[in-house]
Every structure is written in structure tokens, then in C-alpha cells.
Amino acid sequence: MPKRAWQKLSADAGAKGHRVYDWALAGVADGQAGLRRLLVRRNRNSGELAFCRSSSATPAWLTTLVRVAGRRWTIKETFQADKDWPD
């Protein structure tokens, strides 16, 4: 992806502060109805990439998709806390 495609954004605040990554969007042509895109997250230290597919009836801003993707960590932490709860 071109250098200008990447934006430095925080997905959400974590235990150690905001989780800041580089983010980019790529179009996906799969013949399905609606707007399909691939959200790409790049670790600013290691360069490791992570991917998330998005689908919407109308275009969504990169910042909105990043915020939604960041909710994944909150959900994961909630499930983990529930598992640790005594029976």
C-alpha cells in the first residue's frame, strides 16, 4: 500500500494507554452487494499486519471503522473476566 494510505490512529484506550497503530483501507471486489473493504492494521514497532473485513451499505470513515475494530479488545477482555469469575 502506498505510504499516504496509512494513518496513525488509536483504536481504543487499553490498560497501558491508547493503542496506536497505522491503519489503511483497501477495496475488496467480491461481487457481493454493498461496500466491502479490508481494514489493515500495522504495528508501529514490529510492522506486523492484522486484517479485518468490513461491509456496509454506505461508505464509512476510516476513523469509524478503527473505532469499531477497537471494540473487539473490550469484548475480549469482558469474556475473559467472565471466565475468571468464580462459579
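The values are calculated or read from the model by the stated rules, or taken from the named source; none is laboratory data. Values in this document were obtained by computation on a predicted structure and should not be read as measured data. Glycine gets a Cβ as well: all are built from the backbone with ideal geometry, and neighbour counts include every protein chain shown.
Could you go through segment 32-47 and let me know if any residue there is at pLDDT below 80 and either surrounded by 10 or more Cβ atoms within 10 Å (Cβ to Cβ) or touching a strand residue (DSSP E or B) at 6+ places or on another chain (Cβ under 8 Å) (or both). Can you show your working first?
Start the filter on segment 32-47 by keeping residues that are at pLDDT below 80, which leaves 32-34.
Applying the additional criterion that residues be either surrounded by 10 or more Cβ atoms within 10 Å (Cβ to Cβ) or touching a strand residue (DSSP E or B) at 6+ places or on another chain (Cβ under 8 Å) (or both) yields 32, 34.
For segment 32-47, residues at pLDDT below 80 and either surrounded by 10 or more Cβ atoms within 10 Å (Cβ to Cβ) or touching a strand residue (DSSP E or B) at 6+ places or on another chain (Cβ under 8 Å) (or both): present.
Residue count for segment 1-29, restricted to those that are on the phi < 0 side of the Ramachandran plot, surrounded by fewer than 10 Cβ atoms within 10 Å (Cβ to Cβ) and at pLDDT below 90: 4. Taking the criterion of being at pLDDT 90 or above and among the aliphatic types (A, V, I, L, M), the residues of segment 50-67 that qualify are Ala50, Leu62, Leu65, Val66.
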